[in-house]
Amino acid sequence: TPGTAERWCARFDHVLQDEAQDANPAQLAIAQHFAQYHNYCVVGDPAQSIYKFRGSDPEFLLRFAKEWKGATVVNMNRNYRCAKSVIRLANEVIRPSVSRLPVDLIAESPEEGVVSITRPCTLEDEGEEVAARIAAAHENGEPYKGNAVLYRLNAQSRGIEEALLSRKIPYIVVGR
């Protein structure tokens, strides 16, 4: 109801919409309604949108500066953690995307490193690739505890764990 909206709007001075690339139309409408009355700050990266399947619209961020006259766009493109080789690869991967802001990442770390890409066909193949790399590093004197495997989906864990077990590589799963 209009009275409810105005009552909520009176409670806030500022509106911050984080991960705006993953907002669906209803969430955008609510945020934009609040923003009519307050300072509106939007944080997001259309290149990181992962919820199109549920109706999110990463194009909102691409249109933001045009739709919100007087908006200031601040590019947060400096990376202080990753090696330059990782940032170079990230730029190459995201550059062809049409759903992105025209900004390249900049590595502030002086570290270089080696980046390799594989395209395993199955989760089992992926697990075997990970285990083989850890085993090879261990044979070259690297302790097992010098490795960490990060995965996005819990479903990936099984193939990795089975491959580590088959090679008798010790591991600990954290954060399940």
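The values are calculated or read from the model by the stated rules, or taken from the named source; none is laboratory data. Remember, it's a predicted structure, so these values are computed and weren't measured experimentally. Using ideal geometry, Cβ is built from the backbone for each residue, glycine included, and neighbour counts are taken over all protein chains shown. These accessible areas exclude ligands, DNA and RNA; they are computed on the full protein's heavy atoms, side chains included. Shrake-Rupley method; radii C 1.70, N 1.55, O 1.52, S 1.80 Å.
Taking the numbered list (1) part of a helix (DSSP H, G or I); (2) open to solvent by 60 Å² or more (accessible area, probe 1.4 Å); (3) free of Cβ contacts under 8 Å to residues at least 12 places away in the same chain in turn, Thr4 passes all entries but (2).
Which one is least open to solvent (accessible area, probe 1.4 Å) among residues in segment 66-78 that are on the phi < 0 side of the Ramachandran plot and more than 22 Å from the chain's Cα centre (by Cα)?
We begin by selecting, within segment 66-78, every residue on the phi < 0 side of the Ramachandran plot; these are 66-69, 71-78.
After this cut, where a residue has to be more than 22 Å from the chain's Cα centre (by Cα) as well, the list is 66-69, 71-72.
Numbers: Lys66: 149, Glu67: 94, Trp68: 62, Lys69: 172, Ala71: 38, Thr72: 114 Å².
If we take residues in segment 66-78 being on the phi < 0 side of the Ramachandran plot and more than 22 Å from the chain's Cα centre (by Cα), then Ala71 is least open to solvent (accessible area, probe 1.4 Å).
Scanning segment 54-63 for residues that are outside any loop (DSSP other than H, G, I, E, B) and over 18 Å from Ser97 (Cα atoms) yields a single hit, Arg54.
Does segment 50-61 contain at least one residue that is basic (Lys, Arg), open to solvent by 40 Å² or more (accessible area, probe 1.4 Å) and farther than 30 Å from Gln156 by Cβ?
First, the residues of segment 50-61 that are basic (Lys, Arg): 52, 54.
Filter once more, keeping what is open to solvent by 40 Å² or more (accessible area, probe 1.4 Å): 52, 54.
Next, only the ones that are farther than 30 Å from Gln156 by Cβ stay: none.
No, because not a single residue in segment 50-61 is basic (Lys, Arg), open to solvent by 40 Å² or more (accessible area, probe 1.4 Å) and farther than 30 Å from Gln156 by Cβ.
Only residues that are assigned to a loop (DSSP other than H, G, I, E, B), modelled with pLDDT under 80 and open to solvent by less than 90 Å² (accessible area, probe 1.4 Å) were counted across segment 25-44, and they come to 1. Close contacts from segment 104-128, counting a first residue that is modelled with pLDDT under 85 and in a loop (DSSP other than H, G, I, E, B) and a second that is of a type in the set (Asp, Glu) and surrounded by 13 or more Cβ atoms within 10 Å (Cβ to Cβ), with Cβ to Cβ under 6 Å and a gap of 6+ residues or different chains, come to Thr118/Glu129. For segment 71-103, enumerate the residues that are among the small types (Gly, Ala, Ser) and assigned to a helix (DSSP H, G or I). Answer for segment 71-103, where residues must be among the small types (Gly, Ala, Ser) and assigned to a helix (DSSP H, G or I): Ser85, Ala90. Within segment 126-143, if we keep just the residues that are open to solvent by 60 Å² or more (accessible area, probe 1.4 Å) and closer than 26 Å to Arg88 by Cβ, the residue that is farthest from the chain's Cα centre (by Cα) turns out to be Asn140. Of the residues making up segment 144-176, those that are modelled with pLDDT of 90 or more, open to solvent by 60 Å² or more (accessible area, probe 1.4 Å) and either touching a Gly at 6+ places or on another chain (Cβ under 8 Å) or not in a loop (DSSP other than H, G, I, E, B) (or both) are Tyr144, Lys145, Arg158, Glu162, Leu165, Ser166. Hey, does segment 93-112 have a residue that's small (Gly, Ala, Ser), more than 19 Å from the chain's Cα centre (by Cα), at negative phi and surrounded by fewer than 14 Cβ atoms within 10 Å (Cβ to Cβ)? Checking segment 93-112: not a single residue is small (Gly, Ala, Ser), more than 19 Å from the chain's Cα centre (by Cα), at negative phi and surrounded by fewer than 14 Cβ atoms within 10 Å (Cβ to Cβ).
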